[in-house]
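*Asks:* Sharing a structure here in structure tokens format.
The values are calculated or read from the model by the stated rules, or taken from the named source; none is laboratory data. Since the structure is predicted, the reported quantities are computational estimates derived from the model, not experimental observations. Cβ placement follows ideal geometry from the backbone for every residue including glycine, while neighbour counts extend to all protein chains displayed. Heavy atoms of the whole protein, side chains included, go into the accessibility calculation; ligands, DNA and RNA do not. Shrake-Rupley method; radii C 1.70, N 1.55, O 1.52, S 1.80 Å.
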Amino acid sequence: MLRKIVNENMGRSNLGWLSSIFHFSFAEYYNPKNIHFGMLRVLNDDMVAPGTGFDLHPHQNMEIISYVVNGELTHGDSMGNKSTISRGHVQYMSAGTGVYHSEQNLGEQTLRFLQIWIVPDKNGYTPSYGDHRFNWEDRHNQWLHMVSSKEGDAPIKINQDVNVFALELEKGNEISFPIGEGRQAYMVQVEGVSKVNTIDLNQRDALEIVEEDIYITAVEHTHVVILEMKKID
């Protein structure tokens with residue numbers, strides 16, 4: 001089963017310093033029919049103006065992943081961590097029993113990043129933070145496995161049965177991605193235009209995939225992120 005989500009139908013917010021597209025109910029956008037997809041609770045496509053950002057705020061019992069599309073993202077938290085990542089890099093935080101963190105754009109260009117929240121397999125983990133500076137070339141015309149469960153083999157490991165992949169595909173190239181029985185996935189067309197099986201996806205569109213293999217063709221130079229996970233009815 002494939003279901004396209006057109007980005008124009010997603011939730012939106014514009015606070016001046018922050019412009020967001022909400023894939024699921026978040027902040028002032030609420031749709032009781034669009035709360036989550038499996039363990040994926042939040043996916044926000046955020047644009048943050050230079051010299052601004054999210055001040056220190058709390059989180060609890062959530063696995064949080066930030067994927068930078070453009071610009072620089074600076075993280076700070078109550079555990080004493082502080083670091084800056086840029087295009088193609090990932091930071092991740094297990095909020096567990098509770099943590100405060102901030103996300104700032106201290107750079108000179110607009111920051112665009114995907115803010116992803118995943119419900120953990122249980123509550124009460126000890127909070128933790130990390131980041132990984134993936135080489136951009138490692139996703140060129142191939143899948144880059146960035147995130148997995150603690151039992152998986154990706155460099156970033158979280159407390160849930162979720163795998164996150166990134167891909168940059170040159171125009172005209174094709175690639176497949178298997179979604180087996182009992183599995184589902186959520187795909188974001190981060191940049192460019194692609195055709196997935198028979199479905200056309202424009203920049204910022206998304207696709208729900210349930211127990212069906214997909215075949216991606218880059219109509220234009222394409223950049224996508226896929227979150228693959230256990231199927232939950």
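*Asks:* Just to be sure I understand, how many residues within region 17-36 are touching a residue at least 24 places away in the same chain (Cβ under 8 Å) and of a type in the set (A, V, I, L, M)?
*Replies:* Here the count works out to 2.
*Asks:* Among the residues of region 63-75, count how many are crowded, with 18+ Cβ neighbours inside 10 Å and under 16 Å from Tyr100 (Cβ atoms).
*Replies:* Number of matching residues: 3.
*Asks:* Being among the aromatic types (Phe, Trp, Tyr), open to solvent by 40 Å² or more (accessible area, probe 1.4 Å) and touching a Phe, Trp or Tyr at 6+ places or on another chain (Cβ under 8 Å) is the filter here, so list the residues in region 86-113 that pass it.
*Replies:* Scanning region 86-113 gives a single hit, Tyr92.
*Asks:* Something else: Within the set of pairs 6+ apart or on separate chains, which have a first residue in region 119-147 that is closer than 15 Å to Asn163 by Cβ, a second that is open to solvent by 60 Å² or more (accessible area, probe 1.4 Å) and in a strand (DSSP E or B), and C-beta atoms under 8 Å apart?
*Replies:* Met146/His132; Val147/Lys157
*Asks:* May I ask you to verify whether Met79 is open to solvent by 10 Å² or more (accessible area, probe 1.4 Å), in contact with a Ser or Thr (Cβ under 6 Å, 6 or more places away or on another chain) and either assigned to a strand (DSSP E or B) or closer than 24 Å to Met146 by Cβ (or both)?
*Replies:* When the stated conditions are applied, Met79 does not pass them.
*Asks:* Would you mind telling me which numbered condition in (1) open to solvent by less than 10 Å² (accessible area, probe 1.4 Å); (2) more than 13 Å from the chain's Cα centre (by Cα); (3) farther than 30 Å from Lys122 by Cβ Trp136 fails?
*Replies:* The single condition Trp136 does not satisfy is (1).
*Asks:* Can I ask one more? Please go through region 192-227 and pick out each residue that is basic (Lys, Arg) and farther than 22 Å from Trp136 by Cβ.
*Replies:* Scanning region 192-227 gives a single hit, Lys195.
*Asks:* For region 192-226, give me each residue that is open to solvent by 40 Å² or more (accessible area, probe 1.4 Å) and under 16 Å from the mean Cα position of the chain (by Cα).
*Replies:* Within region 192-226, Gln203, Arg204 qualify.
*Asks:* From (1) under 23 Å from Asn105 (Cα atoms); (2) exposed (fewer than 12 other Cβ atoms within 10 Å of the Cβ), pick out the condition that doesn't hold for Ser19.
*Replies:* (2)
*Asks:* With open to solvent by less than 40 Å² (accessible area, probe 1.4 Å), over 18 Å from Asp131 (Cα atoms) and either at pLDDT 95 or above or over 16 Å from the mean Cα position of the chain (by Cα) (or both) as the only criterion, which of Pro50, Pro58, Pro120 stands out?
*Replies:* When all the criteria are applied, what remains is Pro120.
*Asks:* While we're looking at this one, here's another question. Test Glu103 against the stated conditions and say whether it is outside any strand (DSSP E or B), modelled with pLDDT of 95 or more and among the charged types (D, E, K, R).
*Replies:* Taking the combined requirement at face value, the residue does not satisfy it.
To keep it simple, each residue is scored yes or no on (1) acidic (Asp, Glu); (2) under 28 Å from Gln203 (Cβ atoms); (3) touching a residue at least 60 places away in the same chain (Cβ under 8 Å).
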| residue | (1), (2), (3) |
| --- | --- |
| Asp55 | yes, no, no |
| Ile65 | no, yes, yes |
| Gly71 | no, yes, no |
| Gly76 | no, no, no |
| Ile85 | no, yes, no |
| His89 | no, yes, no |
| Tyr92 | no, yes, yes |
| Thr97 | no, no, no |
| Phe113 | no, yes, yes |
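*Asks:* Looking only at region 143-188, count every residue that is in contact with a strand residue (DSSP E or B) (Cβ under 7 Å, 6 or more places away or on another chain) and assigned to a loop (DSSP other than H, G, I, E, B) and tell me the total.
*Replies:* Residues that pass the stated criteria total 14.
*Asks:* Listed residues Glu181, Glu191, Glu212, Glu168; which is touching a helix residue (DSSP H, G or I) at 6+ places or on another chain (Cβ under 6 Å) and modelled with pLDDT of 95 or more?
*Replies:* Just a single option satisfies the conditions, and that option is Glu168.
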